[in-house]
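The block underneath contains the structure these notes are about, expressed in structure tokens.
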Amino acid sequence: MMEVRKSEIYRYLGYSKRKKIEITPEIDHLIDECIADLKKVITPATVYKRLPLKWLDEKTIEVGGMQVASTSLAKNLQGCHEVFLFGATIGIGVDRMIKRAELSKMAKAAIYQATGAEMVECVCDELNEQLRQDVAQEGLYLKPRFSPGYGGTPLSLQRDFERILHMSAIGISLTETCLMVPSKSVTAFIGITDQKTKSVSGCAACDQQDCPSRKE
Amino acid sequence: MALLDRLGKEWLFFDGGTGTILQDWGLAAGELPETWNIRHQDKIRTLARDYFAAGSDIVNANTFGANRLKYPDHLEEIVRNAIKLAKEGRHEARRDDDGYVALDLGPTGKLLEPLGDLPFEKAIEIYGEVVRYGASEGADVIVIETMTDAYEIKAAVLAAKENSNLPILVTVTFDEKGKLLTGASVETVVALLEGLGVNALGINCSLGPKQLMPIVQKMTELSSLPLIVNPNAGLPKSVNGKNVYDMHEDEFASLMGEMANLPVQALGGCCGTTPLYIRKEIEEVRKHPFPYPTKKHHTYVTSFSTAVEIGTKPRIIGERINPTGKKKFKEALKNHDINYILSQGLAQEDAGADILDVNVGLPEIDEAATLVEVVKELQSVTGLPLQIDTGNVEAIEKAMRVYNGKCMLNSVNGKRETMEAIFPIVKKYGAVVVALLLDEDGIPDNADKRIEIAKKIYATADEYGISHDDIVFDGLAMTVSSDPQSALVTLETIRRIRDELHGHSILGVSNISFGLPERSILNANFFTMAMQNGLSCAIVNPNTKSMMDSYRAFNALMNYDTNFTDYITAYANVEKPVVKATTTMSLYEAIKRGMAQNAAEATRDGLKNKDGLTLINEELIPALDEVGQGFEKGTLFLPQLLMSAEAAKAAFGVVKESMAGEAREVKGRIILATVKGDIHDIGKNIVKVMLENYGFDIIDLGRDVPPEVIVDTAIKENIKLVGLSALMTTTVVSMEETIRQLREKKPDTLVCVGGAVMNQDYADEIGADAYCKDAMATVHYANKVFGIEE
């Protein structure tokens, strides 16, 4: 897995350069310790499929038998006729570590939570980069990834992701309410396009202004 | 001929891939394969026929993913059709007499509680239903395959046992490190499956034959059962996100010939293999002489992930989860303070325990229900195997049923009646059993009689088909002060269990010293003597330094501690903390900087001159307030707030001890819960820590809590304030419903809400009394509700 960005862990924990937070050596040391702890228990895994994308109307797509009517997803996938669906996880070990730390050291639980989030991001970035290189050979480009739940899309799309990707084979399962277990798991669409567009990605591409994790 | 008359006595062959073939035949991405049992019956029949014709003896019906969760409507038809079609295919291949149709059970696709949301009994029910359809339609055998979670395996096997009399074959899917997805090692899987009494076990899918060989090799060293190996046609190559298996059938066949020699008794294939692969594989394997499975002697106690072997070196069984003589523990049991019990477990794990003894017997509680709950909760936070410690047969059965892994059971004894009550349960679920060397005549005062009882227990175990490997004899450490011979008798018993019976032994070591001063001296020395005489397991308090000193020294000197790793880790200078725990740091400073140890020290020191309440009011609370304000102003962030909270907690603990009771009066009682459907509760737990620090008594109902439970608790406990958390918009619905029910049935209770998707508008919309954006905001609101000036 690629290098974990400590700055991201700090950001998830609510650290901001704008604020005048003094990072004590104790905290910094604790974060290093938590990163090392999690590295021992994570089991990163990904699964993906490349599928044709059908446009039913200007805001409704169909892929693998799943229909989604969403302006923001349509905007994200504009100009695409193929899409990758993927699932990624760092495994259930992290959930156990968080639960354990909640009993013994809550600060660690919070840091594990943030570190796990960053680690699964890294797994996604790595897969994303691999897919980018794959399609680049065909002269194609990727759109920024878009996860179920973003832009008002329903979480029930996760059921379609499970049906299409068989995510349970890499250990991702869904609760009745479509939450993923392990908690540090991600699913997303990545549009494939032949147009090199300067696309906005990440937080800038998302409309949810009040998201607690929004980057400045 | 019946399958069981052939299994392990001659080569048997499985079929190969199903999904990969159906994809070639037009199964679309996202299309459920079992729907073809209705829509493309000819193809499903042909597939079975082709495999039987190629020589497969056991062919899976197309029921891998067939369960109520995926097919709420046509399940029975799908399962029955699958068996029917496979039987028709067998008939077309003229294999009616020597081919077996298997009911194929795969993973449910859901993760079981406690980490997921599928209850264990529900999983058994889901599998049970499929088993009933399959068995009544005439399946010859149940194949449970591609399993990736130990707990789900147990559910499937129990469902198969409880709903049919068919043979049960289980194959699991390991990653390249030899682990299941939820962490089980090869040892764990073998111990679990042998304990559950399946007829054969092995591996399928996962990897290609080459990569599987080291894992299969390990299995052959561990298992006494016939082994099954059904690999993929090599490692998948990802072509545009589609897995392609392209190992040539000749290479596959030749590798499977090598595999057969490991030795393995039943072979087939999985993803990417076809009838052609199986035909060539059979030709190749048949060139080798059939290897009969041989009995192996291992004793493993396992959790869902970890296997602890008994007999290779002495093992520490932590004794602290036990109310006997522990006032605080009794209180925790009565007050249903599960977290206290869990923290006792974690502390012993940190101190070096290999296995945790779990005893929750108290006359005033429901032992069976409590034991089940504690076992489940412990297994959500620790990977250590557990020793279920009770004489209550109902509690034994229930706890062993929900236990995830192969547990240790404490205990049976030489009384016929006891063995008759408990051995059938052990036979059903599998366990390593502690057997006390006493019988109807009481505890013998000599080793001869104790060994005699041991032999009687072995003989009775034989009647039930329980392996001697699964019995650990308690040599009975008796108080030496009441009988000066007793230590000698115990040591002789232990030694003879090892030398004459080649068995395993266990002792509750510290019993030896009752009634004498400085018990730790006797305990530690007796412990060493017992280990020297062959003691396999010691039930001790791993937090007692002298015991662990003896233990580590013994292992180091006996060459049980490779490279002295444990010894050096324990005793080489541990890195000094950044700031030394000196008394020069004030309590105020220690809390501000979030240093728990220093805070405790400073409190102890401060109590010499001031009383506890003064310390709290003059130093502790002001420090907490300052940190809280810093958090709100954004000059410090969450981990710092939490570290200070922990330091304050440590200080409170010291004050509380000094006052022998509550350190201060409770400001108010608050219910906290993460609402139904939501399993992300770290935010709620952070709020809890802060509220407790500010003197509130919290009733923590946990996560995924139904509205009714919250309302009932609020009424029963007459609660003034309820805090609810929800992470996702989808679960805010449950939050709204909880508020609605509270308004209806307990209108004077106030509700504050929080969580990632919450904001003031949303909170207003669902009718909450307050939105609290973080832990400090909740503290302020709670203070306001209970009329406390800040």
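The values are calculated or read from the model by the stated rules, or taken from the named source; none is laboratory data. Everything numeric in this text was worked out from a predicted model, so none of it was measured. Every residue, glycine among them, receives a Cβ derived from its backbone with ideal geometry; neighbour counts consider all protein chains shown.
Of note:
- Of all residues in segment A:19-46, those that are at the interface with another protein chain (Cβ under 9 Å from one of its Cβ atoms) have Cβ atoms under 7 Å from Cβ atoms of residues that are assigned to a helix (DSSP H, G or I) and of a type in the set (A, V, I, L, M, F, W, C), 6 or more apart or on another chain, in A:LEU30/A:ALA107; A:LEU30/A:ILE111; A:ILE31/A:ILE9; A:ILE31/A:ILE111; A:VAL41/A:VAL94; A:VAL41/A:MET97; A:ALA45/A:ILE170.
- Every residue from segment B:174-191 that is over 12 Å from the mean Cα position of the chain (by Cα) and within 14 Å of chain A (Cβ to nearest Cβ): B:PHE174, B:ASP175, B:GLU176, B:LYS177, B:GLY178, B:LYS179, B:LEU180, B:LEU181, B:SER185
- Of the residues contained in segment B:630-639, one or more are found to be within 33 Å of the chain's Cα centre (by Cα), in a helix (DSSP H, G or I) and within 14 Å of chain A (Cβ to nearest Cβ).
- Restricting segment B:685-699 to residues that are without any contact (Cβ under 8 Å) to a residue 60 or more places away in the chain and either within 29 Å of the chain's Cα centre (by Cα) or in the same structural domain as B:ALA332 (by TED's automatic domain parsing) (or both), the residue that is farthest from B:ASP748 (Cα to Cα): B:ASN685
- The single condition from (1) of a type in the set (Ser, Thr, Tyr); (2) touching a residue at least 60 places away in the same chain (Cβ under 8 Å); (3) over 29 Å from A:ASP95 (Cβ atoms) that B:THR146 fails is (3).
- Complete set of residues in segment B:392-437 that are part of a loop (DSSP other than H, G, I, E, B) and either crowded, with 19+ Cβ neighbours inside 10 Å or free of Cβ contacts under 8 Å to residues at least 24 places away in the same chain (or both): B:TYR403, B:ASN404, B:GLY405, B:LYS406, B:GLY414, B:GLY430, B:LEU437
- A single entry from B:GLY430, B:GLY475, B:GLY414, B:GLY508 fulfils the requirement of being in contact with a Ser or Thr (Cβ under 7 Å, 6 or more places away or on another chain) and either small (Gly, Ala, Ser) or not assigned by TED's automatic domain parsing to the domain that holds B:VAL393 (or both): B:GLY475.
- Within segment B:1-45, the set of residues being hydrophobic (A, V, I, L, M, F, W, C) and within 14 Å of chain A (Cβ to nearest Cβ) comprises B:LEU22, B:LEU27, B:ALA28, B:ALA29, B:LEU32.
- Scan segment B:212-225 for residues that are assigned to a loop (DSSP other than H, G, I, E, B) and buried (at least 22 other Cβ atoms within 10 Å of the Cβ) and the total you get is 2.
- Given (1) of a type in the set (Phe, Trp, Tyr); (2) modelled with pLDDT of 95 or more; (3) under 14 Å from the mean Cα position of the chain (by Cα), index of the condition A:TYR112 fails: (3)
- Of all residues making up segment B:102-131, the number that are among the hydrophobic types (A, V, I, L, M, F, W, C), in contact (Cβ under 8 Å) with a residue 24 or more places away in the chain and farther than 23 Å from B:ARG80 by Cα: 4
Listed here are the residues, each with its yes/no results for (1) at the interface with another protein chain (Cβ under 7 Å from one of its Cβ atoms); (2) assigned to a loop (DSSP other than H, G, I, E, B).
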{"position": "A:PRO154", "(1), (2)": "no, yes"}
{"position": "A:GLN158", "(1), (2)": "no, no"}
{"position": "A:PHE161", "(1), (2)": "no, no"}
{"position": "A:ILE164", "(1), (2)": "yes, no"}
{"position": "A:SER168", "(1), (2)": "yes, no"}
{"position": "A:THR177", "(1), (2)": "yes, yes"}
{"position": "A:SER183", "(1), (2)": "yes, yes"}
{"position": "A:THR187", "(1), (2)": "no, no"}
{"position": "A:ILE190", "(1), (2)": "no, no"}
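- Boolean, B:GLN217 is away from chain A (no Cβ under 14 Å) and under 19 Å from B:TYR300 (Cα atoms): yes
- Segment B:96-111, residues that are more than 41 Å from the chain's Cα centre (by Cα) and crowded, with 22+ Cβ neighbours inside 10 Å: none
- Residue in segment B:581-601 that is surrounded by fewer than 20 Cβ atoms within 10 Å (Cβ to Cβ), within 32 Å of the chain's Cα centre (by Cα) and at pLDDT below 90 present: yes
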